[in-house]
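What follows is a set of notes on a single structure, which appears directly below.
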Amino acid sequence: MSVVGDGTGRGEAGVDEPGWEVDPDDESGAAVVATVGRQIKAWREAAGMRAGELGTLMGYGEDLIYKVEGGHRIPRPEFMDGADVALGAGGKLAAMKADIAEVRYPKKIRDLARLEARAVELAAYGSHNLHGLLQTEEYARALLGTRRPVLPPDELERALAGRMARHSIFDRTPAPELSFVQEEASLRRPIGGVAVWRRQLENLLRLGELPFVDIQVMPTSRWDHPGTGGRIQVLKFADGSAVGRADDEFAGRPISHPKQLRILELRYGITQARALTPEESRAFIEQVLGET
């Protein structure tokens, strides 16, 4: 009988399903997973238990135990809880869930989340889809589901969890100043179907009520702005530094040189000035919602 419940997505005991593969290019994440794996192995050996015995006790396959211990698989939280109970670790293994909490997200999402967590100002222009910080979970899931090649279920869940974790920016104190300009097309595209789309529009209205958030709409009829080249994003930090990125400039790479940043800030400033005001944009979103 396993020591953990069955609501984890796995089937019969011994099935090697749960967990996330380690990104070979994510050196820092791989180091964390390897450390956790070594701790699990040390507790297992101290308990005089074989990997197969631990797997049987927890309801997992022996192969998964070896993968986790070898740092080749990121254990899910319920795996850590189960290992803690099975090995009598008294909460020490379960406590390591915090160490692997971020590692389960793709590295590029973690890097972006860290920047957003430090930012005191964020300015973003979106041309095709809503900015990730504005997306509801169901909208984000549907949007990620459009990728090709199709994301494997675990990879999709990791990307979705990482995107949703970034929303903690709205709960920060003091709050950062957030400015978004969204093309009209990104509001009218019914990602996920009408019901999901409606709730997404309602979420925009809710976020727009926050005193530190400005959401502006760029009508399709307004073509004379420098945002036509694609997405623009600039994040500013308390120490006076900043980082930015644009789809059609600097090979799409993040930049931090003042001269390059001025170009992006100029582009965003002109784009923002051409868009509807926040008040006009709210009325526009309400109109689109009424048409659905």
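Just a few scattered comments:
- Checking Pro278 against (1) touching a residue at least 40 places away in the same chain (Cβ under 8 Å); (2) farther than 18 Å from Leu122 by Cβ; (3) of a type outside the set (S, T, N, Q), the condition it does not meet: (2)
- Among the residues of the stretch 80-109, those identified as over 17 Å from Glu157 (Cα atoms) and under 25 Å from the mean Cα position of the chain (by Cα) are Met80, Asp81, Ala94, Ala95, Met96, Lys97, Ala98, Asp99.
- Extreme residue, surrounded by the fewest Cβ atoms within 10 Å (Cβ to Cβ), among residues of the stretch 275-292 that are in a helix (DSSP H, G or I) and β-branched (Val, Ile, Thr): Val288
- Residue match in the stretch 116-134 (condition: in contact with a strand residue (DSSP E or B) (Cβ under 6 Å, 6 or more places away or on another chain), within 29 Å of Thr173 (Cα to Cα), in the same structural domain as Ile285 (by TED's automatic domain parsing) and of a type in the set (Asp, Glu)): yes
- Positions within the stretch 38-62 being of a type in the set (Phe, Trp, Tyr) and either at positive phi or in contact with a Leu (Cβ under 7 Å, 6 or more places away or on another chain) (or both), in sequence order: Trp43
- Where a residue in the stretch 156-172 is under 18 Å from Ala119 (Cα atoms) and its partner, wherever it lies, is surrounded by 15 or more Cβ atoms within 10 Å (Cβ to Cβ) and of a type in the set (Ser, Thr, Tyr), with Cβ under 6 Å and at least six apart: Gly162/Tyr105
- The criterion of at least 2 residues that are farther than 24 Å from Thr292 by Cα and either of a type in the set (Ser, Thr, Tyr) or in the same structural domain as Arg114 (by TED's automatic domain parsing) (or both) is met by the following strands (runs of 3 or more DSSP E) wholly inside the stretch 185-246: 232-237, 242-246.
- Selection count, the stretch 43-56, where residues are surrounded by 13 or more Cβ atoms within 10 Å (Cβ to Cβ) and assigned to a helix (DSSP H, G or I): 9
- Residue under evaluation Ala175, criteria (1) surrounded by fewer than 17 Cβ atoms within 10 Å (Cβ to Cβ); (2) modelled with pLDDT of 95 or more; (3) more than 30 Å from Gly29 (Cβ to Cβ), criterion not met: (3)
- Condition check for Val103: of a type in the set (Val, Ile, Thr) and either crowded, with 17+ Cβ neighbours inside 10 Å or outside the structural domain of Val181 (by TED's automatic domain parsing) (or both): yes
- Selection count where residues are among the charged types (D, E, K, R) and in contact (Cβ under 8 Å) with a residue 24 or more places away in the chain, scope the stretch 42-87: 9
Rundown of residues vs (1) within 28 Å of Glu138 (Cα to Cα); (2) at pLDDT 95 or above; (3) in contact with a Gly (Cβ under 9 Å, 6 or more places away or on another chain), yes/no style:
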residue: Arg188; (1), (2), (3): yes, yes, no
residue: Val213; (1), (2), (3): yes, yes, no
residue: Met218; (1), (2), (3): yes, yes, yes
residue: Asp248; (1), (2), (3): no, no, yes
residue: Ala283; (1), (2), (3): yes, yes, no
residue: Leu289; (1), (2), (3): yes, yes, no
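The values are calculated or read from the model by the stated rules, or taken from the named source; none is laboratory data. Small disclaimer: the values here were computed from a predicted structure and weren't measured. Quick reminder, even Gly has a Cβ in these numbers, built from the backbone with ideal geometry, and neighbours come from all protein chains shown.
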